[in-house]
Amino acid sequence: MDLIDRYLNAVAAQLPQDERADIVAELRDLILSRFEAREEELGRALTEDEQEAILHEIGHPLVVAARYRKGPDSLVGPELFPYWLFAVKAGLLLMLVIQAIVLFINLISGPADAGQSIAQAFHGFFGAGLALVGAATVAAAIFEHYGVRPKWLTNWRVKDLGAFELADPAAWGASVGGTPRVKLWIAPKVKVKAWPGGEYLFSFLATGLFVLWWIGVLHFPGLMHVDLRGTNADVTGAPIWTTLYGAILFYAVAQMAIDLASLARPYAVRMRAAAEAAISAVGLWLTYTIFEAGHWFTLNRDGETARIAGDWTMLDFDRLRGIGEGSTDLTGVASTLSLIMTWVLAIVAISLVFKIAANLWRLVQPEARPAA
Amino acid sequence: MRHTLCVTHYVTAGELMVVDPELFESMRLELRRGSLVLAVLARLREERYGYTLRQALASDGLEMEESTLYPLLRRLESQGLLTSEWREEEKRKKRFYRLSPMGEAMLSALTDEWRGISASLDRIL
């Protein structure tokens, strides 16, 4: 295999299959033309080093192939970047505050090892922070690829802009400073035992938000509407969500109850492990039932509908590899979302199996308590 | 012709100012980015393949990297502004591009726009 073939194979591996042969043939002609022109200039055949220098000028195969991409050039484009930045900044600040409160309570409630509490707070913050940045980036990349613009990005009203001040910590103090609620946070009257971390509080608050949304108390305008390449598309839930409405509510409330119990008795490891194993088993059943239903959402646009649905045959790595190559019409978007949803459900199921196993293991371990 | 600016001094209001070469290069690239499409469309009034098109543009003073030019040609073709045809020349198959009727209309509209911008800038500068 000569230099040109090796170079072109590296380019070809990055290109979509339907265009590969055509692009490679054109690039081969370009390279040969460049070689011939240089040979004419020098009056002799090129050495391998000289050929390689020309290939260097043409560009690295990854860069050359990337220029042929039809999709966006970046994971988060300039239009979405301000929203991504806000989500990351506000989320990180919120996590920082939660970790700081947890650390503060840990320190004033007399744990034996303050250094460990600080290390836990750092670990919790950086772990959750990285997950947040990753999740925000994946969400933005999906929006970019499919040209999806949720309604709340485009249909905003001035009176709803208060939440965006969250990105500025100084505004937090200005808006809530001095209120009885803040004082309660700063000077907790109830002396609690040292916490092993802030995850119970975070889980409790996040699940609480979900429950409030699930029962209809909280509304996120535009959550079930998307702007798909300039036209409106609605997302409607499949009948499975109505069927499992009560079971999902029970699961979330039970999870909150476990978090609350863990907040009060953080070292009751076995009690938490038994409860977590039981609730994870419920979660696994719910996940399996949702998966088996096979139809999860429907996209509607101008009378046209497309189902977000899946089955076991979609759990195929080859299909996952081709995830970016689908069409960008309603059916194509629904097909890609179906694949994503199928894999998300599978990953949730696997993580729940691990959670059950880990908690069953904790149940049989001797209970550890902090030194007094 | 490659435009390279090492350090250039300009006299502004009696003071000697130094232009940052890196900043100049990034602003220069930004300035010419949009105009390259116009140049490619104009040069393809006459049928050419990628290599000769690049040479023609270079002789006009508009150097373009191959990794920019070739994907641009495909994009313009997918937008219906160019047509292409594989043909053998000099014992090798080459892809020849030419302006489509829609490309000609677009070139004419973009030329008017370019002249308008140029006239406005001439008045300002």
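A few remarks follow.
- Once the chain from A:A10 to A:A346 is taken as fully extended at 0.36 nm per residue, the excess over their C-alpha distance is 117.7 nm.
- Per-residue mean of C-beta atoms belonging to partner chains within 10 Å, peptide B:65-73: 6
- Listed peptides B:89-99, A:34-44 by packing density, highest first (mean Cβ within 10 Å): B:89-99, A:34-44
- With coordinates expressed along the principal axes, the C-alpha atoms belonging to the range A:3-67 extend over 39, 18, 17 Å, beginning with the largest.
- Computed E for B:E89/A:E48 - FRET, C-beta separation, R0 35 angstrom, nearest 0.05: 0.80
- Ranked by the mean number of other Cβ atoms within 10 Å of their residues, highest first, the peptides B:111-123, A:299-311 come out as A:299-311, B:111-123.
- In sequence order, calculated HN-Hα J values of the range A:117-131 (Karplus, 6.51, -1.76, 1.60; Hz; x Gly/Pro): 4, 5, 4, 4, 5, 4, 4, x, 5, 5, x, 5, x, 5, 5
- In summary, the range B:9-125 shows an alpha-carbon radius of gyration equal to 1.33 times the 2.2 N^0.38 Å reference for compact globular proteins.
- If R0 is 30 Å, the Cβ-Cβ spacing of A:L62 and B:L38 corresponds to a FRET efficiency of close to 0.55.
- Highest-MSF residue in chain B out of B:M17, B:M106, B:M64 [GNM, Cα springs under 10 Å]: B:M17
- Partner aspartates and glutamates for A:K70 [C-alpha distance under 17 Å; skip if fewer than 8 residues away on the same chain]: A:D18, A:E19, A:D22, A:E144, A:E325, A:D329, B:E77
- Computed from Cα positions, the angle between helix B:50-59 and the longest principal axis of chain B comes to roughly 30 degrees.
- Across the range B:76-82, computed HN-Hα scalar couplings (Karplus, 6.51 cos²θ - 1.76 cosθ + 1.60, θ = phi - 60°) run 4, 5, 5, 7, x, 8, 10 Hz from first to last residue, x flagging Gly and Pro.
- 10 Å Cβ neighbours from other chains, averaged over peptide B:91-100: 2
- Rounded to the nearest whole Hz, the Karplus-based 3J(HN,Hα) values (6.51 cos²θ - 1.76 cosθ + 1.60, θ = phi - 60°) of the range A:36-47 follow the sequence 4, 4, 5, 5, 5, 4, 8, x, 7, 6, 7, 7, with x at glycine and proline.
- For chain B, the longest principal axis of the C-alpha atoms and the axis of helix B:21-43 are separated by about 30°.
- Shielding of peptide A:23-30 by partners, expressed as the average count of other chain Cβ atoms within 10 Å per residue Cβ, is 6.
- Close amide H pairs (under 5 Å, H built 1.01 Å from N) link B:K94 with B:R87, B:E88, B:E89, residues at least 5 positions away or on another chain.
- Linear extension gain, A:L260 paired with A:T236, 0.36 nm per residue minus alpha-carbon span: 5.4 nm
Here, each number is a calculation from the coordinates, and none is a lab measurement. If you're wondering where the values come from, they're calculated on a predicted model, not measured in any experiment. Cβ coordinates were reconstructed from backbone atoms using ideal geometry, including for glycine residues, and neighbour counts include every protein chain displayed.
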